[in-house]
Amino acid sequence: MHPQCFHINGQDLPVIRTTRKSTIALKLKPNGMVILVPKRLSANRLMSQLKSSLAWLIETHAHLEKSASQKPVRPLFKGQSGDTFEFKGQIYQIVWAEGEAAQSKAALKPAQAPLQLDEKRHLCLLNIEQCLNSLKRTQQKPKGLKDANPSDERIACQQIQDFFVASANDYLAPKLAFYAGLIGVNPKSMTVKGYKSRWGSCYPDGRIQFNWRLMQAPTWVIDYVIVHELCHLVHANHSADFWALVQKHYPKTAEAKAYIRQSGSDWIQFLV
């Protein structure tokens, strides 16, 4: 029987078996630290490797906890007026408007067409870089804007998720075809899903799936994930040959991986 937890630095960390890892790894998830281990290891061999890796696990655990403590905590997005979120690397803020205020300058011209709940209530998505200074100058809510009730907020969250899914399909499909031609592979299909621990998946039969939450990232980071998954059609692993292929077709791989390490945990928590 495989161990369910392993004691490190005074904490019992969950041990999770996965086919995506060939070695033991630590990962900081939204609900805490976990130990990822290769699924193929027997219970005895796993325990032996955990004990032999104890010094590394303790050092890495301390480093990850320190990094997490120094990182600003982003408030969870609840669909309330004033909440912010990222879309393609830009920060947006939502405000509620009634009637004509949704289209007016008083509503701080939305970055895109407002989402309409009914003929009176609108949810405006505002580019925060364009409107934040204006909000600070006035120190008051522009005329026509209103607070949302809990029902509005639930609807807002669903509409924004629908917007992300639609945007992901629109953006990813042509990019997937472009990079597939570049790499010389032929994916069978593409699906957009909601994952809580990964950005994409590639299956041996050619199916590729992406996490709609990926659309929070800048487009150059999104493109890295596309190339990453397509390269799995050539190498169904994370071997040196796999990474060499990814690097060949996407030279900014290291920068994209670093960006995901920095921001990915916040993206994963969006609309959970």
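In terms of overall dimensions, region 161-268 has a Cα radius of gyration and Dmax of 12.8, 38 angstrom.
Backbone amide hydrogens, once placed in the peptide plane, bring K29 within less than 5 Å of V34, excluding anything fewer than 5 places away on its chain.
Given K175/K196; K21/K248; K51/K248; K193/K252, which pairs have Cα atoms separated by over 32 Å? Kindly include the intermediate steps, with their values, before the conclusion.
Values: K175/K196 23 Å; K21/K248 23 Å; K51/K248 37 Å; K193/K252 25 Å.
Pairs exceeding 32 Å: K51/K248.
Readers should treat all values here as calculations from the given coordinates under stated rules, not as data from a laboratory. Note that the coordinates shown come from a computational prediction; the quantities given were computed from them, not determined experimentally.
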